[in-house]
Number of protein chains: 4
Amino acid sequence: MAGNSFGILFRVTTWGESHGKAMGVIIDGCPPGVEISEDEIQKELERRRPGKINLTSPRRERDRVEILSGVFEGKTTGTPISMIIRNEDIDSTPYEGIKNIYRPGHADFTYQAKYGIRDYRGGGRASARETVSRVAAGAIAKKILKEKKIDIVAYTVELGGIKVEKIDLSEIEENWLRCPDALTAKKMEERIEEVRSKGDTLGGIVEILVRGSPPGLGEPVFDKLEADLGKALLSIGAIRGVEFGAGFRLARMLGCESNDPISPEGFLKNDSGGILGGISNGEDIIIRVAVKPIPSIKLEQKTIDVSNKPVSFQIKGRHDVCAIPRINFVCEAMVAIVIVDHLLRQRALEGWR
Amino acid sequence: MAGNSFGILFRVTTWGESHGKAMGVIIDGCPPGVEISEDEIQKELERRRPGKINLTSPRRERDRVEILSGVFEGKTTGTPISMIIRNEDIDSTPYEGIKNIYRPGHADFTYQAKYGIRDYRGGGRASARETVSRVAAGAIAKKILKEKKIDIVAYTVELGGIKVEKIDLSEIEENWLRCPDALTAKKMEERIEEVRSKGDTLGGIVEILVRGSPPGLGEPVFDKLEADLGKALLSIGAIRGVEFGAGFRLARMLGCESNDPISPEGFLKNDSGGILGGISNGEDIIIRVAVKPIPSIKLEQKTIDVSNKPVSFQIKGRHDVCAIPRINFVCEAMVAIVIVDHLLRQRALEGWR
Amino acid sequence: MAGNSFGILFRVTTWGESHGKAMGVIIDGCPPGVEISEDEIQKELERRRPGKINLTSPRRERDRVEILSGVFEGKTTGTPISMIIRNEDIDSTPYEGIKNIYRPGHADFTYQAKYGIRDYRGGGRASARETVSRVAAGAIAKKILKEKKIDIVAYTVELGGIKVEKIDLSEIEENWLRCPDALTAKKMEERIEEVRSKGDTLGGIVEILVRGSPPGLGEPVFDKLEADLGKALLSIGAIRGVEFGAGFRLARMLGCESNDPISPEGFLKNDSGGILGGISNGEDIIIRVAVKPIPSIKLEQKTIDVSNKPVSFQIKGRHDVCAIPRINFVCEAMVAIVIVDHLLRQRALEGWR
Amino acid sequence: MAGNSFGILFRVTTWGESHGKAMGVIIDGCPPGVEISEDEIQKELERRRPGKINLTSPRRERDRVEILSGVFEGKTTGTPISMIIRNEDIDSTPYEGIKNIYRPGHADFTYQAKYGIRDYRGGGRASARETVSRVAAGAIAKKILKEKKIDIVAYTVELGGIKVEKIDLSEIEENWLRCPDALTAKKMEERIEEVRSKGDTLGGIVEILVRGSPPGLGEPVFDKLEADLGKALLSIGAIRGVEFGAGFRLARMLGCESNDPISPEGFLKNDSGGILGGISNGEDIIIRVAVKPIPSIKLEQKTIDVSNKPVSFQIKGRHDVCAIPRINFVCEAMVAIVIVDHLLRQRALEGWR
């Protein structure tokens, strides 16, 4: 219960430091008989990989996933699935110079405060690289959901202050920013290029859509579906806010506007984002998250060192300009893990009707 | 693990239906030796009580809390603290007419889908009345925090589209809306009155401030402090969004703007909201939540009944116009519970240095 | 996670001190639609009640159970079931004289060491009275099992050194000691009477039989069925040992003797006690527990007081001579809770075939 | 929560199949700053290794442990410690012939019943080889306990019906059976040789002693120290019974005999085995477990195949004659894990005095 596990019945535990030997993940509670291969998981990891040179991190992570247990003759057996991704192509040299410095926006200061010791290389455990483990686990969760005809997709609805003007899901895979509005994607890309040239970084907003979810998922009171989804997404380092359905806009609506009327054919609109009273209602589940700019900027910054002395410094090394679009796949993975977990929890309940 | 418990070491379990015999809560893991009395808890319950007639719910909940265990000679003993609040002044008659109807914006439809059975009276388990149990538990959490000089306060920063122009904490207790801007409070009150007269309802935004938190609280990866706080707050029925520090505004900032520089005297600004890498940094923790309008409007609404036939109906009975300010105390309670839980978790760790 | 909850999907939390206001229990995760009434639960409590005057405790616990939530129109709703049993007929006077004394065999010393504070009246939280909450929860678990044609029965196979010579389940209800051998029951009763007259107490061995369990219950590795059953039973105060199937006798067998051969009609014998590799095999589950003598003897004893000074003292008040047969019902309750929990866990898994 | 994790604050998760790629373990919640090296862990693994040719399994498991995360510059960092032991020297050929057969005494039948699929090679997940992961985790737990001057030792008190006549801890390391009575060890060894020559197997009894435990460990009610220790030990495949202190002998004692009198210098005897009311009292903790014979005998056995047809068969391949003494190290490991977990839990509590 030291924070590296998530889920009740479909339980994911990740481990690994950015510049340690490997990253890995255990899934305990995966149902037996699910067909899965390293290739399928690898495909999800490739999607997450730093892609466009100059735009995102040039580190060439080979990220070869290896399944070490829990799969026999191509199928899950119900026992723990252990996956490992060796850390290759590591250069810790850039971190030697800043090992005694608390980088602003990073977890250096807080890890030191918490543990009195930290692996400073590449951010250690706090590195975004930890999410490779989540994506690997998410790949299996997605495979399970696919069998249940549940589909999860994350896309970029705002980047560097530029908002989409439409949401056309067919355009998402057409641009590397995963923007459902191809024209806006162009503008976002220009904005990234502009900011990159100054050594600065950007944030944005990602929307996650769950289609095909049955009604009944989510537990009342504390494990409401949005509470567990919110926790899952807020556990991703760069995410600083989350909202469901109309979200913060609901705060400005009247009750007569915010309520979604119900007809025999279903809900007539979906400002609730597919969740009522913490339980899915069968409509699309809609979530948006706020992604902060990557803290590793190349500009000079003021901070302190471990002896509490003020220092000025500049970050070197390889860094993305924006967590988007890579974070989109992490969002998909985390949402998939939550949905599978709640499907299993509901399954336990339904048997008793 | 059916969703009615929260926390790891300071673990809160609530029970009770709105029109059942009673509401209650168990705290398992409260440290021994904390001085606590029914009066102190009662005081917190009074704050949450429907106050102004016509503005908030006229139901006269007496809400007398009774401590049944875990406290001996005025001090906690380390054993489970059980508290009960009997449901009095209940009139289930208004619900007889709508027991076969799924009210829009409520959990009627989803509870039926999940369980195949539901207590329709007063919303049953999904009623906001459940939060009285949380406030009782929160009163004890706050008492513990007080000993540690940690203080939590929730206030209204937006209501019905009207935003505060300043945040002056000294004005919060001066108006019943808990608005840190007395002038704006007046306008909010007028807005409530206007909407109430039409039988409609309103939402708003609440900010929660934690002062005095030590650095080091929160676990890395999944149990990040903001993840647990986010889950805690999103588990409150009316809340549809949550953000930390500059929150969604961070999505529009550059990295050079969003990073909080550090000086020997502390952080030079606080856009991170007091949490870095999921761990508190010793600055104020700042959270904002979006509160949707109360779904029980008095206007005619379209929905379906349990046999999937379309119906028009009007809600009767006693209802608040806005979940604010009552929800503020629930927010304070949930945040207090999370902070105590993480203090205990950190305590287990620190002994080993 | 402070030790007052048990189970994963069918989760039981008990609270209450022996001489506090009440005892109680919450069940979170009870499937919806189970018919249950206070009368059915009361019946189980009556079985546990001190029965024969002079032989077991004369305290006239009325033990009226009240269901406060989670049951609507006679059926469980899937929400937490809260039950309360008020402590009546309490006389704490006998404890005033020994409040500064650590009674041998009791938890006085260890609670003080752990918490630095304790409710000394009637043993406080460590009292056997806590088990009334377990029996109430067990009554609901048994009701669920009954629907699944699973039956649990506990009986006395040894008492004060006197062993049964046969096991005839039809004789259990015929004698108040729940002995499956009526003739031996007589001897046990004489032994109790003899020991009682000297102010001393006795122990014994209880066997618990689960009939009708399907194969497949239990999780591999740590949550093996016998591991969870063992924990459940060892959590009962007076129990100091537990064994499954042939138990300690297996330590003296050869492999060719201990293995249970399998035929198309089932296992040809059952020395494994119905569990292989931690998972039920469909045969009867057989468990035996060692029950220590009740520590509250009326003879003079040596101990220390809270200031570490040696004292001689005699216990007054009302006490049983032997935890048997009352503990039998507690054993049944705990086993029922474990089986229901694992049925639900297996249910979650099976849906995916 | 699918059974492959153990502990609350010091949480151990194991994975791996006997003939899969590797075995492994994650420790989440290890305190930071503990000095640990692969060599120290390797030493514990060597102790567990099959040693004497002909007596125990001839499989030459090299069992090289690799630490993949959580340790930086020789010290734990507080983040998850991942350890892996590759499976080498594997020959699955002997299992091809019995892959459709349910071996008596093994988990073949029950895994098939539970999951509908199983890795039949070497027993898959149900293999005793899984315990190598526990021993690796236990090595770190022991290191932590060593800093706290707490010592755990397991030794053989009975084997094949031969009991020790004395317990002299200094003799344990002098014979490979870990018998605290060197003369009896000789007889046990002869017994093993005799049974081995017939292709049969043996069981025995192991005692585990914890010295130096502070009072106050263990939680009341369900997480009593003996309940958690009992679960930990019963989760080891071959163990079919567990008892504390005088254990089953207590069932035959009078209260005046079983109670341990207390003096200013401590308890005057220790029939309680160092635990009262579920909480340690500062005396030695004494536990005994019943170890069943290894089910893989070389004699002909009757069973069924997957199509429910009767078959006669003989097990081939490499197998131990007795789980003792290898299981002793697994017992030590599991007890160490429980004690560390409860030390951390108590630590969280004590900070509040």
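Checking residue B:50 against (1) of a type outside the set (Ser, Thr, Tyr); (2) modelled with pLDDT of 95 or more; (3) in contact with a Ser or Thr (Cβ under 7 Å, 6 or more places away or on another chain), which test does it fail?
Every listed condition holds for residue B:50 apart from (2).
Give A:243, A:226 a once-over and let me know the one that is facing chain B (nearest Cβ under 7 Å), buried (at least 24 other Cβ atoms within 10 Å of the Cβ) and under 24 Å from residue B:117 (Cα atoms).
Exactly one residue qualifies, and that residue is A:226.
Would you check if there is a residue in segment D:288-302 being open to solvent by less than 10 Å² (accessible area, probe 1.4 Å) and more than 17 Å from residue D:203 (Cβ to Cβ)?
Within segment D:288-302, not a single residue is open to solvent by less than 10 Å² (accessible area, probe 1.4 Å) and more than 17 Å from residue D:203 (Cβ to Cβ).
Considering only residues that are surrounded by 24 or more Cβ atoms within 10 Å (Cβ to Cβ) and in a strand (DSSP E or B), which ones fall in segment D:270-287?
Those that are surrounded by 24 or more Cβ atoms within 10 Å (Cβ to Cβ) and in a strand (DSSP E or B): D:275, D:276, D:279, D:280, D:285, D:287.
Consider residue B:146 carefully, then state whether it is open to solvent by 10 Å² or more (accessible area, probe 1.4 Å), in a helix (DSSP H, G or I) and either free of Cβ contacts under 8 Å to residues at least 12 places away in the same chain or in contact with an Asp or Glu (Cβ under 6 Å, 6 or more places away or on another chain) (or both).
Criteria met by residue B:146.
So is residue B:137 touching a residue at least 60 places away in the same chain (Cβ under 8 Å) and away from chain A (no Cβ under 14 Å) or not?
For residue B:137, the condition - touching a residue at least 60 places away in the same chain (Cβ under 8 Å) and away from chain A (no Cβ under 14 Å) - is not met.
Suppose we filter segment A:207-223 for residues that are under 26 Å from residue A:237 (Cα atoms) and more than 9 Å from chain B (Cβ to nearest Cβ); how many remain?
Summing the residues that are under 26 Å from residue A:237 (Cα atoms) and more than 9 Å from chain B (Cβ to nearest Cβ) in segment A:207-223 gives 5.
Looking at segment A:149-163, which of the residues that are touching a Leu at 6+ places or on another chain (Cβ under 9 Å) and outside any strand (DSSP E or B) is farthest from residue D:81 (Cα to Cα)?
Selected residue: A:161.
Considering every residue within segment B:336-349, establish whether at least one is in a loop (DSSP other than H, G, I, E, B), crowded, with 24+ Cβ neighbours inside 10 Å and either more than 14 Å from chain D (Cβ to nearest Cβ) or at positive phi (or both).
No, there is no match, as no residue in segment B:336-349 is in a loop (DSSP other than H, G, I, E, B), crowded, with 24+ Cβ neighbours inside 10 Å and either more than 14 Å from chain D (Cβ to nearest Cβ) or at positive phi (or both).
Within the set of pairs 6 or more residues apart or between chains, which connect a residue that is within 28 Å of residue A:1 (Cα to Cα) inside segment B:3-22 to a residue that is at pLDDT below 95 and outside any loop (DSSP other than H, G, I, E, B) with Cβ atoms less than 7 Å apart?
Note: pairs meeting the criteria are B:9/D:348.
So if I check each of C:97, C:138, which one is at pLDDT 95 or above and farther than 26 Å from residue B:34 by Cβ?
C:138
For residues in segment B:260-269 being at the interface with chain A (Cβ under 7 Å from one of its Cβ atoms) and in a loop (DSSP other than H, G, I, E, B), which is surrounded by the most Cβ atoms within 10 Å (Cβ to Cβ)?
B:260
Test residue A:192 against the criterion of being open to solvent by 10 Å² or more (accessible area, probe 1.4 Å), of a type outside the set (Lys, Arg) and in contact with a strand residue (DSSP E or B) (Cβ under 9 Å, 6 or more places away or on another chain), and give yes or no.
Here the answer is no, as residue A:192 does not meet what is asked.
Can you report the number of residues in segment C:14-28 which are open to solvent by 10 Å² or more (accessible area, probe 1.4 Å) and of a type in the set (Gly, Ala, Ser)?
Qualifying residue count for the region: 1.
Return the residues of segment A:196-249 that are among the hydrophobic types (A, V, I, L, M, F, W, C), assigned to a helix (DSSP H, G or I) and under 12 Å from the mean Cα position of the chain (by Cα); say none if nothing qualifies.
A:229, A:232, A:233, A:234
Among the residues of segment B:35-51, how many are farther than 24 Å from residue C:26 by Cα and assigned to a loop (DSSP other than H, G, I, E, B)?
Number satisfying all stated conditions: 3.
Scan C:156, C:201, C:184 and give me the residue that is of a type in the set (Val, Ile, Thr), more than 24 Å from residue C:31 (Cβ to Cβ) and surrounded by fewer than 24 Cβ atoms within 10 Å (Cβ to Cβ).
It is C:184.
Cβ-Cβ distance below 7 Å, separation of 6 or more or different chains: which pairs start in segment D:270-292 with a residue that is within 7 Å of chain C (Cβ to nearest Cβ) and end on one that is open to solvent by less than 10 Å² (accessible area, probe 1.4 Å) and basic (Lys, Arg)?
Between residues of segment D:270-292 that are within 7 Å of chain C (Cβ to nearest Cβ) and residues that are open to solvent by less than 10 Å² (accessible area, probe 1.4 Å) and basic (Lys, Arg), the close pairs are D:279/C:114; D:290/D:240; D:292/D:240.
Looking at (1) assigned to a helix (DSSP H, G or I); (2) out of contact with any helix residue (DSSP H, G or I) (no Cβ under 9 Å at 6 or more places or on another chain), which is the one condition that is false for residue D:130?
(2)
Could you list, in sequence order, all residues of segment B:64-108 that are under 30 Å from residue B:317 (Cβ atoms), touching a helix residue (DSSP H, G or I) at 6+ places or on another chain (Cβ under 6 Å) and either of a type in the set (A, V, I, L, M) or within 14 Å of chain A (Cβ to nearest Cβ) (or both)?
B:65, B:83, B:85, B:102, B:107
Can you pull out every residue in segment A:249-259 that is at the interface with chain B (Cβ under 7 Å from one of its Cβ atoms) and surrounded by fewer than 24 Cβ atoms within 10 Å (Cβ to Cβ)?
Answer for segment A:249-259, where residues must be at the interface with chain B (Cβ under 7 Å from one of its Cβ atoms) and surrounded by fewer than 24 Cβ atoms within 10 Å (Cβ to Cβ): A:252, A:253, A:254, A:256.
Go through segment D:9-33 and count every residue that is closer than 18 Å to residue D:139 by Cα and assigned to a loop (DSSP other than H, G, I, E, B).
Looking only at that region, the number is 7.
When you scan segment D:109-124, do you find a residue that is away from chain C (no Cβ under 14 Å) and closer than 18 Å to residue D:315 by Cβ, even just one?
Yes; the residues of segment D:109-124 include at least one that is away from chain C (no Cβ under 14 Å) and closer than 18 Å to residue D:315 by Cβ.
The values are calculated or read from the model by the stated rules, or taken from the named source; none is laboratory data. As the structure is a prediction and not an experimental result, all values here were calculated from the model. Because the Cβ atoms are built from the backbone with ideal geometry, glycine has one as well, and the counts that use them run over all protein chains shown. Quick note on the areas: whole protein, heavy atoms, side chains included, nothing else; ligands and nucleic acids left out. Shrake-Rupley method; radii C 1.70, N 1.55, O 1.52, S 1.80 Å.
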